[in-house]
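Engineer: The following block contains the structure, expressed as structure tokens.
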Amino acid sequence: MNYEKLHSKYKNSSIQGRYLNLNSIESFSEFWKTKNKLEILGLSVQARPIYKFQIGSGTTKILMWSQMHGNESTTTKGLVDFMNVLQSNSEIAKAILKEYTFCIIPMLNPDGAFSYKRVNANEVDLNRDFQNLSQPESQILMQCYSDFQPDYCYNLHDQRTIFGVGKTGKPATISFLAPSFSETKEYDEARLKSVDCIMRIVRVLDTFLPGQIGRFDDGFNINCVGDTFQSLKTPTILIEAGHFQNDYDREVTRKFVFIALLSAFLSPLENVVVNTNLSDYLNIPQNNPNFYDFVFKNIVIRYDKSNLITNFAVQFREELINNKVIFNAFIAKVGNLDSYFGHTEIDGSGIMYSDEKSNIPLQDELANFKLGDFVNFVNGILK
């Protein structure tokens, strides 16, 4: 199957980039409403609607939600593209919908999405609220779970550019997790079913992303939605969309999210757990926070009347300005970077550092500087 051709066909080109709010979803949702597939589950803190898209007649029920963290939009884009397949009336759609019934919440945290924040309007991380259920968005998802009674749950997120695949020096473009259901981190039948779902995706995705698939940390926290649903014996799959080379708008990663979702449902899910999948799953390298956006090595600085060789790293911080996400570059670390990688790495080979302040890279300062007479670094752009 030509997954990339299918994505080109079903990609919703009206949504691009990192900033995706409810207006973006509502701008093309009228078509879903006319086919009676879209309804409002409830309202957010700031009275924005939280939509549910339901489709399919299969006996296996799938609950999906995205953007419970408002600034994590990549999986929402890939999910919308996948939803376009489901309503396409194509032979692929017919085959999937015969086996599955989908209940999809494309944007659980519309207030956070509007302000481009992880938290909701009450400054609560919804993914730490599934025991207290103090927030309307958390309550809506839990009620939807109770009403729909899914056989499987898919929890869709973004992850930061800091994550690499183990110590390989490759970015974790897509990471997966079969969440724990207890402090012991053991594997019961439900968790093994999560592993099976992940491995059927990984075996397809690995042909597109060799060496760039990671395994997310499985530390147990019952306040997290995935751990809660797993403890309720519902197999849950966490998908984290991360960085692909030079893809800060995550339009390439979006494609891989689409491929992951489509490949998950092209055939019926097996009721019998495949034991060999667990060893394969555990062989996926774990996420490692060992990346910066830029790493500069062997740079000369003038300090206390002497020339010293140092290294430093630069990391982007995202800021919403006039409905656009702006990437501002800051000095993140100075000194030994032997265990770190850069999405862009520059060996200064003894070139002198200079800036308009102290001529020394200082942590948390804006990254505007020169290297020698030829390299000018201005807020993440090499000139």
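The values are calculated or read from the model by the stated rules, or taken from the named source; none is laboratory data. Just so you know, these numbers come straight off a predicted model, no measurement behind them. Using ideal geometry, Cβ is built from the backbone for each residue, glycine included, and neighbour counts are taken over all protein chains shown.
Engineer: If you take just the helices (runs of 4 or more DSSP H) that sit entirely in segment 6-97, which of them hold at least 1 residues that are modelled with pLDDT of 95 or more and closer than 27 Å to SER267 by Cα?
Structural biologist: On the way: elements: 22-26, 30-34, 74-86.
Of the helices (runs of 4 or more DSSP H) lying wholly inside segment 6-97, those with at least 1 residues that are modelled with pLDDT of 95 or more and closer than 27 Å to SER267 by Cα span 74-86.
Engineer: Moving on. Considering every residue within segment 362-383, establish whether at least one is β-branched (Val, Ile, Thr) and part of a loop (DSSP other than H, G, I, E, B).
Structural biologist: no
Engineer: Kindly evaluate PHE330 against the criterion of being within 30 Å of SER194 (Cβ to Cβ) and of a type outside the set (S, T, N, Q).
Structural biologist: no
Yes/no matrix, rows are residues, columns are (1) over 30 Å from ILE326 (Cβ atoms); (2) surrounded by 24 or more Cβ atoms within 10 Å (Cβ to Cβ); (3) not aliphatic (A, V, I, L, M):
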| position | (1), (2), (3) |
| --- | --- |
| ILE201 | yes, no, no |
| ARG215 | yes, no, yes |
| PHE229 | yes, yes, yes |
| THR234 | yes, no, yes |
| LYS255 | no, no, yes |
| PHE265 | yes, yes, yes |
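Engineer: Kindly indicate whether any position in segment 318-327 is touching a residue at least 12 places away in the same chain (Cβ under 8 Å) and either assigned to a loop (DSSP other than H, G, I, E, B) or outside the structural domain of LEU366 (by TED's automatic domain parsing) (or both).
Structural biologist: yes
Engineer: Exactly one of (1) over 21 Å from PHE229 (Cα atoms); (2) free of Cβ contacts under 8 Å to residues at least 24 places away in the same chain; (3) not aromatic (Phe, Trp, Tyr) is unmet by ILE96. Its number?
Structural biologist: (2)
Engineer: Check THR168, THR161 and return the single one that is in contact with a strand residue (DSSP E or B) (Cβ under 7 Å, 6 or more places away or on another chain) and either surrounded by fewer than 18 Cβ atoms within 10 Å (Cβ to Cβ) or in a loop (DSSP other than H, G, I, E, B) (or both). Spell out the reasoning first.
Structural biologist: On the way: THR168 fails: in contact with a strand residue (DSSP E or B) (Cβ under 7 Å, 6 or more places away or on another chain).
The unique qualifying residue is THR161.
Engineer: State whether one or more residues within segment 277-287 are touching a residue at least 40 places away in the same chain (Cβ under 8 Å), over 25 Å from LYS61 (Cβ atoms) and part of a strand (DSSP E or B).
Structural biologist: The answer is yes; a qualifying residue exists.
Engineer: Is there any pair with a first residue in segment 360-383 that is assigned by TED's automatic domain parsing to the domain that holds LYS333 and a second that is basic (Lys, Arg) whose Cβ atoms are under 9 Å apart and which are 6 or more apart or on different chains, and what are they?
Structural biologist: Partner pairs satisfying both residue conditions: ILE360/ARG302; GLN363/LYS333; GLU365/LYS357; VAL375/LYS383; ASN376/LYS370; ASN376/LYS383; PHE377/LYS370; PHE377/LYS383.
Let's see how each residue does on (1) of a type in the set (Val, Ile, Thr); (2) modelled with pLDDT of 95 or more:
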{"site": "VAL295", "(1), (2)": "yes, yes"}
{"site": "ASN307", "(1), (2)": "no, no"}
{"site": "VAL334", "(1), (2)": "yes, yes"}
{"site": "SER358", "(1), (2)": "no, no"}
{"site": "ALA367", "(1), (2)": "no, yes"}
{"site": "GLY372", "(1), (2)": "no, no"}
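Engineer: If we keep just the residues of segment 176-213 that are free of Cβ contacts under 8 Å to residues at least 60 places away in the same chain, in a helix (DSSP H, G or I) and not charged (D, E, K, R), which is nearest to LEU278 (Cα to Cα)? Break it down into steps so the answer makes sense when it comes.
Structural biologist: Taking segment 176-213 as the starting set, the residues that turn out to be free of Cβ contacts under 8 Å to residues at least 60 places away in the same chain are 179-186, 188, 190-191, 194, 203, 205-207, 209-212.
Imposing the further condition that a residue be in a helix (DSSP H, G or I) reduces the set to 190-191, 194, 203, 205.
This time we only want the ones that are not charged (D, E, K, R), so: 190, 194, 205.
Numbers: ALA190: 12, SER194: 10, LEU205: 17 Å.
So the residue we want is SER194.
Engineer: Looking at (1) in a loop (DSSP other than H, G, I, E, B); (2) under 15 Å from the mean Cα position of the chain (by Cα), which is the one condition that is false for ASP218?
Structural biologist: Among (1) in a loop (DSSP other than H, G, I, E, B); (2) under 15 Å from the mean Cα position of the chain (by Cα), the lone unmet condition for ASP218 is (2).
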